[in-house]
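S.K.: One structure, as structure tokens, below. Some questions next.
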Amino acid sequence: MNWTAIAAIYRFEMARFFRTMMQSFLSPVLSTSLYFVVFGTAIGSRIQEVEGVSYGAFIVPGLIMLSVVMLAISNASFGIYFPKFLGTIYELLSAPVNFIEIVIGYVGAAATKSLFVGIVILITATFFVDIRIEHPFAMAAFLILSCLSFSLLGFIIGIWASNFEQMSLVPQLVVTPLIFLGGTFYSISMLPPVWQTITLFNPVVYLISGFRWSFYGLADVPIVYSLLAILAFTGLCLGIIGWIFKTGWRIRS
């Protein structure tokens, strides 16, 4: 394993993050504050509690996942797309670096950035509501796995995209609706039975449900299903990336 190459890619990507540290720090704080004002206050005045948890506290895990997922995808996709756009990816491909090291460098940096933002949002939420974390190790595991898996998805999108518009196509038209319909601001038990069944086909439900369970012990689906879902998604993304580098699909074009 060429750790020097991994460290070089990682440091390069993290340097871009630190150059915009103020923006990276303030943006999630302001966004989270606005969500609490709009949803926590407006809707929270009508829905006092959800399964024994105040509504403001109930939506915290969903808000963290919303920001973490979107940032992981955008950071990873931009990180690998920009070398394609500039043509510098050929220098990377011709260097004595295998695809595993390339993925670790880019995905590791994107996951680190999104993990940092997730922690910032969690700290920000404590100023608005009382939060308890019943299963801290499970919470950390779900948060890290989410950062990694969606950074892998972003890496795939960055390779697939042929322009900047395509990079935002999947996050905006597919991922964002799935997150909002995946129980971010409500429990699926609040839905009619038919819609509860339909919602179970949304993979994001398992992610948010497992993450919320780590906070309050509440889950819309069994925690084992949530863990298996995130592990299966991570394995699927790794398999796709392996195939991409094996065939050279969209990399050399």
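S.K.: May I ask you to list pairs of residues, at least six apart or on different chains, whose Cβ atoms are under 6 Å apart, with the first in the range 87-111 being in contact (Cβ under 8 Å) with a residue 12 or more places away in the chain and the second being in a loop (DSSP other than H, G, I, E, B)?
M.R.: Listed pairs, sorted by first residue: Val97/Asn2; Glu101/Asn2.
S.K.: Oh, and also: Considering each of Leu153, Leu173, Leu148 in turn, give the residue that is out of contact with any strand residue (DSSP E or B) (no Cβ under 9 Å at 6 or more places or on another chain) and without any contact (Cβ under 8 Å) to a residue 24 or more places away in the chain.
M.R.: Leu173
S.K.: If we keep just the residues of the range 39-61 that are part of a loop (DSSP other than H, G, I, E, B) and β-branched (Val, Ile, Thr), which is modelled with the lowest pLDDT?
M.R.: Ile47
S.K.: Being β-branched (Val, Ile, Thr) and surrounded by fewer than 23 Cβ atoms within 10 Å (Cβ to Cβ) is the filter; apply it to the range 206-236 and report the residue that is farthest from Ser149 (Cα to Cα).
M.R.: The extreme case among them is Val221.
S.K.: Just the residues that are among the hydrophobic types (A, V, I, L, M, F, W, C), outside any loop (DSSP other than H, G, I, E, B) and surrounded by 14 or more Cβ atoms within 10 Å (Cβ to Cβ), please, taken from the range 120-139.
M.R.: Scanning the range 120-139 gives Val120, Ile121, Leu122, Ala125, Ala138, Met139.
S.K.: From the residues in the range 183-202 that are under 19 Å from the mean Cα position of the chain (by Cα) and among the polar types (S, T, N, Q), which one is nearest to Ala138 (Cα to Cα)?
M.R.: Applying the filter and picking the extreme gives Thr184.
S.K.: From Ile100, Ile64, grab the single residue that is surrounded by 14 or more Cβ atoms within 10 Å (Cβ to Cβ), of a type in the set (Val, Ile, Thr), part of a helix (DSSP H, G or I) and over 19 Å from the mean Cα position of the chain (by Cα).
M.R.: Unique residue meeting the criteria: Ile100.
S.K.: Only one of Leu200, Leu236, Leu218 is at pLDDT 95 or above and aliphatic (A, V, I, L, M); which?
M.R.: Of the residues listed, the single one that is at pLDDT 95 or above and aliphatic (A, V, I, L, M) is Leu236.
S.K.: Which members of the range 203-246 meet the condition of being under 20 Å from the mean Cα position of the chain (by Cα) and hydroxyl-bearing (Ser, Thr, Tyr)?
M.R.: Selection gives Tyr206, Ser209, Ser214, Tyr225, Ser226, Thr234.
The values are calculated or read from the model by the stated rules, or taken from the named source; none is laboratory data. Everything quoted here is computed from the prediction, not taken from an experiment. Note that each Cβ is placed from the backbone with ideal geometry, even for glycine, and that neighbours are counted across all protein chains shown.
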